[in-house]
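J.: Following this message is one structure expressed as structure tokens.
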Amino acid sequence: MSKKSNSEILIPTEHIASRIMVLRKEKIMLDFHLAELYGIETRALKQAVKRNLERFPSDFMFQLTEDEINNLLSQNVIPSKKHLGGAIPYAFTEPGVAMLSSILKTQTAVKVNIAIMRTFVKLRKMMFNYKDIVEWKSDIEKKLGEHDDKILLIFEYLKQFEQSKIQELKQQNRPKIGFKQVNKKVK
């Protein structure tokens, strides 16, 4: 983290975005990542949360299961279980991260929270843009597929036309058969 001015802390969006992951079909941030961003110890963050549990319903925060922890280990999100210090991590959804600003009252926590919320908004906008791009790509592929079919049909018509012209030329250039009338003068 570097300071831009006394009133604003600058954290690169990419740094925050790299800490946001999808778990249980929700965008979440883990407690130790949040503690790192806020510049506090993970246990201090957890203590503040435990003192205010009524502010964190299950759609704001949940604890990871053993399978989820193992999955994060396999994805190298968590270097090892020792990194957790024996504690089960909390996962905070976007509203849960927003609620953290009401219990962590330091100026740094408020400013970092603003940066995190802006990152969530940017990610949401990117997802909407991504959906638009996917739909646009799908439409183009559909149209190209239709065009491919039409182009193949045109080639088939051209082939048939060419074959009919070749047949016509053969008809015109074939030797005539049948009686030939020869004009002989009778004397």
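Quick note: the coordinates plus some simple rules give every number you see, no bench work behind them. What you see is a predicted model, and the numbers here were worked out from it, not measured in a lab. Note that we place each Cβ from the backbone using ideal geometry, even for glycine, and neighbour counts take in every protein chain shown.
J.: Name the residue, out of 87, 115, 17, whose mean-square fluctuation peaks in a Gaussian network model built on the chain with Cα pairs under 10 Å.
T.: Highest fluctuation among the options: 87.
J.: Under a Cβ-only charge scheme (Lys and Arg +1, Asp and Glu -1), can you give me the dipole magnitude of the chain about the Cα centre, in debye to the nearest 20?
T.: Magnitude of the dipole: close to 1560 debye.
J.: What distance in nm separates the two pseudo spin-label positions at residue 124 and residue 173, each 7 Å out from Cα along the beta-carbon direction?
T.: That separation, rounded to one decimal, is 7.4 nm.
J.: Are there trypsin sites (Lys or Arg not before Pro) in region 88-168 that DSSP marks as loop and that have at most 10 other Cβ atoms within 10 Å, and which are they?
T.: In loop regions of region 88-168 (DSSP not H, G, I, E or B), the sparsely surrounded trypsin sites (Lys or Arg not before Pro) are 105.
J.: Here's another thing I want to ask about it. Could you state the angle between the C-alpha long axis of helix 42-51 and the longest principal axis of the C-alpha atoms of the chain, as a value from 0 to 90 degrees rounded to the nearest 10?
T.: Once rounded, the angle reads 80 degrees.
J.: With contacts defined as alpha carbon pairs under 8 Å and 6 or more residues apart, what's the relative contact order of the chain in percent?
T.: So the answer I get is 22 percent.
J.: Using a Gaussian network model on the chain with a 10 Å cutoff between Cα atoms, which of 97, 134, 49 fluctuates the most?
T.: 134
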